[in-house]
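Everything below concerns the one structure shown next.
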Amino acid sequence: MAQVEKDSLTGTDTTGHEWDGLKELNTPLPKWWLYVFFACIAFSAVWVVLYPAIPLQGATGTTGWTARGAIGGIVEAERARQEPMLARLRSATPAAIAANPELRAFALAGGRGAFAINCAGCHGAGGQGAQGGFPSLADDEWIWGGSMEAIQATIQHGIRNAEDDAARTSMMPRFADGVLTPVQINDVAEHVLSLANRSTDAAAAGRGATVFAENCAACHGEQGRGNRDLGAPNLTDQIWLYGSDKASLVRNIGYPRAGVMPAWAGRLDPATVNMLTVYVHALGGGE
């Protein structure tokens, strides 16, 4: 049994435990600290009864207060405060909104918030896009057009989705499925690289030009500058959705990828769609 004794230096009782000559002092906690600790325990017990502190569905506490219920009233009040301005935004075209300083300022602020919630996950916080099928919205290249009307239509109906009959739709053939040989696909890739002055095989690029004219020019144009009516990207710039190296081009010619964008008209209020249109147009690449 441990023997309790007083420490010779401090005069404090020891616990009777000793390790390598070191004795453990029995120093009690300060009274004020204990009183605060007990008060916190009592406070937490009262809190659990009054408020929904127990993590159970439907728990409300005796007061009936919940954070969700409290915020609901705040949201409704804010919505009512903004409603006159939102009504004006619904009834105006994006071009008219952009021409009105008051509406434009409100639309840019609201569009920035709506973009962060709904669009930034794919297009990036600043609309810079990402390799893998997410176009940049901050440059001067637009697959479907960068006018107010074109941007609004894209937001409303989306791209290649099954939920909206008016969705923008384009489909590039799988040229590896018996349409072109691997050699021809390689040559076309080299020709596409040459359109952006990046080819390293002039002979292959020359052969690919003929294949391109027969199979690709109908959508991308003879010069490869694209066709917005068909959603065919410009191949002469330095902007690539799925990679700019030759291996990526070969893969995309043989087994093309087609991104999908949801239709937002059924998800967002028309005022929000108009605000997003104005905001995206103002990111730097609008026309």
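Values quoted throughout were computed directly from the atomic coordinates according to the rules given, and no laboratory measurement underlies them. Just so you know, these numbers come straight off a predicted model, no measurement behind them. Cβ atoms come from the backbone with ideal geometry, glycine included; neighbour counts cover every protein chain shown.
So the values come out like this:
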quantity	calculated
Within a Gaussian network of the chain (alpha carbon springs, distance under 10 Å), most fluctuating of Q238, Q156, Q57	Q57
For the stretch 11-16, 3J(HN,Hα) per residue [Karplus equation, 6.51 cos²θ - 1.76 cosθ + 1.60, θ = phi - 60°, Hz, x = Gly/Pro]	x, 8, 4, 9, 7, x
Derived scalar couplings ³J(HN,Hα) [the stretch 69-77; Karplus, 6.51 cos²θ - 1.76 cosθ + 1.60; whole Hz; x for Gly, Pro]	x, 5, 6, x, x, 5, 5, 5, 5
Largest-first principal axis extents of the Cα set of the chain (Å)	100, 62, 34
Most mobile of L276, L180, L108 in a GNM of the chain (Cα contacts under 10 Å)	L180
Qualifying aspartates and glutamates (Cα of each under 18 Å from Cα of K246; at least 8 residues distant if same chain)	D187, E190, D201, D237
Computed over the stretch 182-254: relative contact order in percent, which uses C-alpha pairs under 8 Å that are six or more apart	29
Estimated distance in nm for a label pair at A125 and W32, the labels positioned 7 Å out from Cα along Cα-to-Cβ	4.3
Principal axis dimensions, the stretch 182-254 - Cα atoms, whole angstrom, descending	32, 24, 21
Residue-averaged [θ]222 nm for the chain, counting only DSSP H segments that reach four residues, each worth -39500 (n - 2.57)	-15000 deg cm²/dmol
Scattering profile of the stretch 123-281 at q = 0.15 Å⁻¹ [log10 I(q)/I(0), Debye over alpha-carbon scatterers]	-0.82
5 angstrom amide H check on A232, placed H, neighbours 5+ away	N227
Anchor K31: lysines whose Cα lies under 28 Å away (excluding residues fewer than 8 positions away in-chain)	K6, K23
Segments 80-91, 248-259 sorted - mean Cβ within 10 Å per residue, highest first	248-259, 80-91
Residue-wise HN-Hα coupling along the stretch 32-44, computed from phi with Karplus coefficients 6.51, -1.76, 1.60 (Hz; x: Gly, Pro)	5, 5, 5, 5, 5, 4, 5, 5, 5, 5, 5, 5, 5
